[in-house]
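Structure, as structure tokens:
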Amino acid sequence: MTYDDVMKLALERGFYFPSSEIYADAQAGFWEYGPSGVSLKNKFLELWRRELVRRDKMIEIDGSQIMSKSVFDASGHLASFADPIVRCKKCKATHRADKIIVEVSQIEIPESADLDEFDKTIVEKNIKCPKCNGDFENAKKFNMMFEVGIGPEGESAYLRPETCQSIFVDFPRIFKTMRGKLPLGIAQTGKSFRNEIAPRQSLLRLREFYQAEIEVFCNPAKLNDLGKFSEIKDTKIRIQIDDEIKSMTCKEAVDSQTIPNEFVAYYLGLLAEFYEKTGINMEKSRFRKLGDKEKAFYAEVAFDFEVETAVGWLELVACNYRADYDLNSHATKSKEKFAVMDGDEKVLPHVFELSMGIDRSMYTILEHSLREDKENERMVLSLKPYLSPIHVGVLSLVKKDGLAEKTDEIYLNIKRKYDVFLDHSGAIGRRYRRLDEVGAPYAITIDHQTLDDDTVTIRMRDSMEQSRIKISELDEKLSKETAFP
RNA sequence: GCGGUCAUAGUAUAGCCUGGUUAGUAUUCGGGGUUUCCAACCCUGUGACGCGGGUUCGAAUCCCGCUGACCGCACCA
């Protein structure tokens, strides 16, 4: 399915839509989830908790979205999350100062350097705008963090550009009070904020977006000493090496040094098993090892988990081995002690991060699940039953003859346990089609026979097949069919 | 941020060039009827010119600005 097909579904069926859309000054990069989108997102996160957080005995926190200046001073975001930019006086085009200098003069100036240095070099080497040969204005820093003013004096703080900083900052307390033991995963879901220059494509590039992040704290001396590695050693993952994607088991990946150690391979394996269960087509996925130039400023080893969609390869998860970059910086700036005991050894833990983009995952799940059933003239959203916004539709075949009342009765009995959509009106076929489009895997229909023998028909979304089932067996059936795997 | 294309009901569109009707159509949606297991049919109802300014007796239509969407470039720690 194309991007436009997914967009249309999202708008018509309440998955997502533009924020503040009734006002003309609404800015780009902000989208809202509607009822169907929220329901899908909640279930996606429940699956994430099951497959990663609980499975690996991680613990979860929920931190502030606004954090102090010191946090981002220590994390490096104040200096490194900003691009030095120069603007052409003539054609107004904006360029990265460091890049344009390298292109013309081969002089490498780190992007965190003082602005004077860029200006000086541009003048010395007589660098002009590549588009129109015009002169540049003075270099400026464009920081992608949103600054906010706190209290009446407007003291400076920032909306977090990634959720993980609260995990690092909270680590000493959490490790102590939760009786932590290495390796320890700390997880968090929530919003992050980045002032993107050009947000695009609805959920794919947002200024305000959801992340589900996991930071695993570990003893760097024990990266190949992981008992639980056996759990995923045979799990297949697809890894891009040079231009070729190879499918191999996690064990093969470590043995061949495609992945540097068991520790990293274990978490990539968990991630692959998780995404398999979201219904994303894993044949269209890859882990891509990032080169030095692509990696974030804090990363030693980095793999992106990417999935192929109608708009190209999409990065869904960034997996970064951040080493002790973060704990070290926060320890130095705050004077707090971050080293912990691992057996008899005192270590400053290293961190491996799985930083998941929830919004992009939502889009990908929708795109990979949506199909057109031409034979039956319908669009079907073949979501996994446990992820569907609606588990089951409850329909009366006709409203009269007491069927509506009987239908209401069944609805009341199951509505608290499942996401149920009750519908009495219109042609039955039309109601089935509507349910197909929001991905409801089952529909039960109350007909005249129901009044005689207390059975209903149950219809499967994907096959359109129907069978009769006793009302008394309904709960057991639904419970089994909509359960998380 | 630069360049190109574009902006009319929930969705998809006609009308714009050549200014003047009650802004048309399809579908969706609400109510009613008929049928009774897969978007049928009949009746009925709700629903739109992105925002701001200008020209004009009169603007969805012409002009300017803004905002947004799409596509390329750049950006994506």
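The values are calculated or read from the model by the stated rules, or taken from the named source; none is laboratory data. Only a predicted model underlies this, so the values are computations on that prediction, with no experimental measurement involved. Note that each Cβ is placed from the backbone with ideal geometry, even for glycine, and that neighbours are counted across all protein chains shown. Areas reflect the complete protein model, heavy atoms only, side chains present, ligands, DNA and RNA absent. Shrake-Rupley method; radii C 1.70, N 1.55, O 1.52, S 1.80 Å.
Let me make sure I get this right: for segment A:82-143, a, b and c are the square roots of the gyration tensor eigenvalues over alpha carbons, sorted descending. Under 1.5 in a/c it's rounded, otherwise prolate if a/b > b/c, else oblate. Which is it? Please list the in-between numbers first.
Values: a/c = 1.69, a/b = 1.22, b/c = 1.39.
It comes out oblate by the Cα gyration axes.
Each part gets one Cα centre, and for segment A:213-239 versus segment A:364-393 those centres are 34 Å apart. Amide H contacts of A:GLU60: A:ALA187, each under 5 Å away and 5 or more positions distant or on a separate chain (H built 1.01 Å from N in the peptide plane; Pro and chain starts excluded). Taking A:THR309, A:THR332 and ordering them by how much accessible surface each has at a 1.4 Å probe, largest first, produces A:THR332, A:THR309. For segment A:40-51, 3J(HN,Hα) computed residue by residue from phi via the Karplus equation (6.51, -1.76, 1.60; θ = phi - 60°) reads 5, 5, 4, 6, 4, 5, 5, 5, 4, 5, 5, 7 Hz, glycine and proline entered as x.
How high is the FRET efficiency between A:ASP242 and A:GLU294 when r is their beta carbon distance and R₀ equals 22 Å, given to the nearest 0.05?
Details: r = 15 Å, r/R0 = 0.67.
With R0 = 22 Å, the Cβ-Cβ based efficiency is 0.90.
Using a 10 angstrom Cβ neighbour count of at most 15 plus a DSSP loop assignment to flag exposed GluC sites (Glu not before Pro), which longest range of chain A is free of such sites?
That would be A:197-293.
Heavy-atom accessible area for A:TYR442, with the other protein chains in place and a 1.4 Å probe, reaches approximately 20 Å².
For A:LYS191 and A:LEU11, the difference between the fully extended length at 0.36 nm per residue and the C-alpha to C-alpha distance is 62.6 nm. Can you tell me which lysines have their Cα less than 20 Å from the Cα of A:LYS335? Leave out same-chain residues fewer than eight positions away. The reachable lysines, counting only those whose Cα sits under 20 Å from A:LYS335, are A:LYS69, A:LYS176, A:LYS346. The listed residues A:MET341, A:MET7, once ranked by accessible area (1.4 Å probe) with the largest placed first, stand as A:MET341, A:MET7. State to the nearest 20 debye the size of the charge dipole of chain A about its Cα centre, where the only charges are +1 on K and R beta carbons and -1 on D and E beta carbons. About 320 debye. Note on A:ARG238: accessible area is roughly 50 Å² with a 1.4 Å probe, heavy atoms of protein only. Excluding A:PHE287 itself, calculate the net charge of residues whose Cβ lies under 9 Å from the Cβ of A:PHE287, where each Lys or Arg counts +1 and each Asp or Glu counts -1. Residues near A:PHE287 contribute +2 overall. Got a sec? Charge dipole of chain A, +1 on Cβ for Lys and Arg, -1 for Asp and Glu; which of A:VAL420, A:ALA253, A:ALA24 is way out at the positive end? Going by the Cα projections, it comes out as A:ALA24.
The HN-Hα couplings worked out from phi for segment A:119-125 by the Karplus form 6.51 cos²θ - 1.76 cosθ + 1.60 (θ = phi - 60°) are 4, 4, 5, 4, 5, 4, 8 Hz, whole numbers, x standing for Gly and Pro.
What does the helix-only formula give at 222 nm for chain A: each DSSP H stretch with n ≥ 4 adding -39500 (n - 2.57), the total divided by the residues, and the result rounded to the nearest 500 deg cm²/dmol?
On the way: 15 runs with 151 residues, N = 485.
Result for chain A: -9000 deg cm²/dmol, rounded to the nearest 500.
In the full protein context, chain A carries 48 Å² of accessible surface per residue, based on a 1.4 Å probe and ignoring ligands, DNA and RNA.
For A:LEU403, A:LEU397, give me the order by solvent-accessible area with a 1.4 Å probe, most accessible first, ignoring ligands, DNA and RNA.
On the way: A:LEU403 0, A:LEU397 70 Å².
Largest accessible area first, the residues go A:LEU397, A:LEU403.
Database remark: amide H of A:PHE30 closer than 5 angstrom to the amide H of A:SER19, A:ARG207 (H placed geometrically; neighbours at sequence offset of 5 or more, or on other chains; Pro and chain starts carry no H). Here chain A has 46 percent of its accessible surface on carbon and sulfur atoms, given a 1.4 Å probe and all protein chains in place. Residue by residue, segment A:364-381 carries 3J(HN,Hα) couplings of 5, 4, 4, 5, 6, 8, 7, 9, 9, 9, 5, 4, 9, 6, 8, 9, 10, 9 Hz when phi is fed to the Karplus relation 6.51 cos²θ - 1.76 cosθ + 1.60 (θ = phi - 60°); x denotes Gly or Pro.
Within a Cβ distance under 12 Å of A:PHE146, other residues only, what is the Lys/Arg minus Asp/Glu net charge? All intermediate terms of the calculation are to be shown ahead of the outcome.
Numbers: positive: A:ARG160, A:LYS191, A:ARG194, A:ARG207; negative: A:GLU147, A:GLU196, A:GLU208.
Cβ neighbours under 12 Å give a net charge of +1.
Note on A:SER230 and A:GLU32: the model spin-label points, each 7 Å out from Cα along the C-beta direction, lie 5.3 nm apart. Compared with the dominant principal axis of the Cα atoms in chain A, helix A:428-438 is inclined by about 20°. Give the angle, between 0 and 90 degrees and rounded to the nearest 10, that separates the Cα long axis of helix A:3-13 from the longest principal axis of the Cα atoms of chain A. Tilt relative to chain A: about 50 degrees.
Counting heavy atoms of the protein chains alone, A:MET362 has an accessible area of about 0 Å² for a 1.4 Å probe.
Count neighbours as other Cβ atoms within 10 Å of each site's Cβ, and list the trypsin sites (Lys or Arg not before Pro) in segment A:308-397 that are DSSP loop with at most 13 such neighbours.
Numbers: sites: A:ARG322, A:LYS333, A:LYS335, A:LYS337, A:LYS346, A:ARG360, A:ARG371, A:LYS374, A:ARG378; in loops: A:LYS335, A:LYS337, A:LYS374.
Filter output for segment A:308-397: A:LYS335, A:LYS337, A:LYS374.
Relative to the longest principal axis of the Cα atoms of chain A, the long axis of helix A:325-334 makes an angle of roughly 70 degrees. Partner lysines whose Cα lies under 22 Å from the Cα of A:LYS406, excluding those fewer than 8 positions away in the same chain, are identified as A:LYS415, A:LYS417, A:LYS470, A:LYS477.
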